[in-house]
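J.: Sharing a structure here in structure tokens format.
The values are calculated or read from the model by the stated rules, or taken from the named source; none is laboratory data. Predicted model, so just to flag it, every value in this text is computed and none were measured. Please note: Cβ atoms are built from the backbone with ideal geometry, for glycine as well, and neighbour counts cover all protein chains shown.
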Amino acid sequence: MNLQLSASESAFQQEVRHFFECDYPQYILEKVHRGDRLSREDHCVSQAALQSKQWLGIGWPKAHGGPGWTENQRYIFESELERIGAPNIIPMAVIYVGPIIVEFGTPEQQQRWLPDILSSTSMWAQGYSEPESGSDLASLGLRADRNGDDYILNGNKVWTTLGHWADWIFCLVRTSKGERKQEGISFVCVDMRSAGITIHPIITMNGAWELNRISFDNVRVPIINRIGEEGRGWHYANVLLSTERLSYAHIGKKKADLRKLRILAGDAPSDNYASLMDEPLFAAKLAALEIEVAVLEVWVLRALDGELAQAAVSSLKIKCTECAQTITELFMLLSGRSAMAFPDINLADWQGVLLSTPSYGVMSADSYLFERSQTIYGGTSEIQRNIIWKSLIR
């Protein structure tokens with residue numbers, strides 16, 4: 001395949017690069033580069049800046065407020081965003097449920113929800129996983145019992161990313177039982193202000209509050225909040241998941257991380273060499289990762305061109321997430337003992353408690369701990385391997 005940008009794509013790349021370097025809120029970039037945790041307001045400001053160029057609804061058609069980009073333009077945009085170090089778009093609204101509302105929602109639902117997503121006046125959470133379901137999503141048990149023009153929801157969702165920021169949550173719910181457990185699942189959107197919803201924080205091992213358990217106790221949801229047909233939720237979920245899994249590639253971020261590794265390692269002292277980059281083993285590991293990312297980029301571009309089957313996309317999800325984890329392991333090697341200094345990074349002045357320890361050591365440890373989840377969320381690596389195996393035995 002031709003990996004060279006066309007003249008129009010090169011011009012688009014320069015436009016995007018100029019925006020992030022000159023017009024994007026620089027204080028957001030500074031917070032990311034320092035390693036500070038971003039607030040909901042920070043993300044809203046970031047997304048509003050993108051929407052000022054009509055660049056937020058990536059993957060959306062122009063008719064619904066998106067930029068109407070080609071897959072190559074979207075890839076260029078995401079690569080430039082990650083190259084400069086801007087925060088990724090929070091995916092639950094824009095990348096996950098937005099396209100589902102566009103494709104399967106009624107005109108009334110589209111008018112109700114899509115403008116607020118693009119203006120970042122509403123944030124969304126994803127209600128898929130449940131405490132008793134594990135990786136077997138189809139065994140979910142959150143009940144949605146019909147009561148007149150409403151559903152009554154009872155049950156729990158877990159590992160709900162940024163559920164404490166969300167105004168809405170889209171959920172897979174059990175509306176009936178069929179012969180197959182995938183039957184009788186419906187896709188409903190729930191106002192997080194509804195009576196009976198309780199948010200239970202889950203603090204991860206890096207000290208971050210991103211995850212939650214959400215309990216539903218007789219939560220009343222209007223039937224008009226259901227997307228598509230009753231009992232067809234499994235189909236809509238699989239459409240969403242096919243998009244979600246490719247969104248974890250983050251090739252631009254991997255390239256930026258490897259560039260940062262090479263620079264920091266060139267300045268880092270070593271016991272036996274002038275710098276860590278002169279150590280053959282470290283240099284070999286870094287070079288191997290650079291080659292792996294270059295190969296992964298080709299596969300991602302092939303996937304965007306529609307050349308790969310779903311099983312190949314599952315393979316790509318495994319490799320991209322494992323590669324991200326390996327990059328954090330190399331950062332830990334670089335950081336050495338400085339990674340043991342781990343102040344509360346949630347505090348605004350967390351760097352003030354560090355003495356001679358470089359701040360990148362703390363950031364390396366934080367990323368290493370957080371990225372352990374990459375091979376779990378979006379469908380565990382074990383689930384992806386099952387998909388690959390089933391495709392081979394058909």
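J.: Of these, ALA268, ALA256, ALA284, which one is over 28 Å from LYS390 (Cα atoms) and at pLDDT below 95?
T.: ALA268
J.: Read through the list (1) modelled with pLDDT under 95; (2) out of contact with any helix residue (DSSP H, G or I) (no Cβ under 8 Å at 6 or more places or on another chain); (3) over 19 Å from GLU80 (Cβ atoms), then give the number of the only condition that MET1 fails.
T.: (2)
J.: A follow-up question, please. Quick check on this structure: which one of THR328, THR321 is under 28 Å from PHE170 (Cα atoms), surrounded by 19 or more Cβ atoms within 10 Å (Cβ to Cβ) and not aromatic (Phe, Trp, Tyr)?
T.: THR321
J.: Consider region 291-309. How many of its residues are surrounded by 16 or more Cβ atoms within 10 Å (Cβ to Cβ) and assigned to a helix (DSSP H, G or I)?
T.: 9
J.: If SER270 satisfies all but one of (1) over 23 Å from MET363 (Cα atoms); (2) not in a helix (DSSP H, G or I); (3) not charged (D, E, K, R), what's the number of the condition it fails?
T.: Checking SER270 against (1) over 23 Å from MET363 (Cα atoms); (2) not in a helix (DSSP H, G or I); (3) not charged (D, E, K, R), the one that fails is (1).
J.: Filter region 136-154 down to the residues that are touching an Asp or Glu at 6+ places or on another chain (Cβ under 7 Å) and assigned to a strand (DSSP E or B) and list them by number.
T.: Matches in region 136-154: TYR151, ILE152, ASN154.
J.: Moving on to the next point. I'm trying to understand the selection: among the residues of region 185-213, which are under 29 Å from ALA365 (Cβ atoms) and either in contact (Cβ under 8 Å) with a residue 40 or more places away in the chain or over 24 Å from the mean Cα position of the chain (by Cα) (or both)?
T.: Passing the criteria: ILE202, THR204, MET205, ASN206, GLY207, ALA208, TRP209, GLU210, LEU211, ASN212, ARG213.
J.: Still on this structure, I have one more. Give just the number: which of (1) surrounded by fewer than 17 Cβ atoms within 10 Å (Cβ to Cβ); (2) in a helix (DSSP H, G or I); (3) of a type in the set (S, T, N, Q) does SER79 not satisfy?
T.: Looking at each condition in turn, SER79 falls short on (1).
J.: So ILE388 ticks every box in (1) more than 23 Å from MET205 (Cβ to Cβ); (2) in a loop (DSSP other than H, G, I, E, B) but one. Which box is left unticked?
T.: Among (1) more than 23 Å from MET205 (Cβ to Cβ); (2) in a loop (DSSP other than H, G, I, E, B), the lone unmet condition for ILE388 is (2).
J.: A further question follows. Condition (residue is small (Gly, Ala, Ser), more than 30 Å from GLY361 (Cα to Cα) and under 20 Å from the mean Cα position of the chain (by Cα)) applied to region 23-36: is it met by at least one residue?
T.: no
J.: Working only within region 338-384, note down all residues that are aliphatic (A, V, I, L, M) and either in a loop (DSSP other than H, G, I, E, B) or assigned by TED's automatic domain parsing to the domain that holds THR160 (or both).
T.: ALA341, ILE345, LEU347, ALA348, LEU354, LEU355, ILE376
J.: Can you tell me which residue within region 48-73, out of those that are in a helix (DSSP H, G or I) and in contact (Cβ under 8 Å) with a residue 40 or more places away in the chain, is nearest to GLY35 (Cα to Cα)?
T.: ALA48
J.: Any idea which of (1) in contact with an Asp or Glu (Cβ under 6 Å, 6 or more places away or on another chain); (2) of a type in the set (S, T, N, Q); (3) at pLDDT 95 or above is the one THR326 doesn't satisfy?
T.: Checking THR326 against (1) in contact with an Asp or Glu (Cβ under 6 Å, 6 or more places away or on another chain); (2) of a type in the set (S, T, N, Q); (3) at pLDDT 95 or above, the one that fails is (1).
J.: Being in a helix (DSSP H, G or I) and either surrounded by fewer than 17 Cβ atoms within 10 Å (Cβ to Cβ) or assigned by TED's automatic domain parsing to the domain that holds HIS164 (or both) is the filter here; which residues of region 18-31 pass it?
T.: Those that are in a helix (DSSP H, G or I) and either surrounded by fewer than 17 Cβ atoms within 10 Å (Cβ to Cβ) or assigned by TED's automatic domain parsing to the domain that holds HIS164 (or both): HIS18, GLU21, CYS22, ASP23, GLN26, TYR27, GLU30.
J.: Could you list all residues from region 32-47 that are assigned to a loop (DSSP other than H, G, I, E, B) and either touching a strand residue (DSSP E or B) at 6+ places or on another chain (Cβ under 7 Å) or surrounded by 16 or more Cβ atoms within 10 Å (Cβ to Cβ) (or both)?
T.: GLY35, ASP36, ARG37
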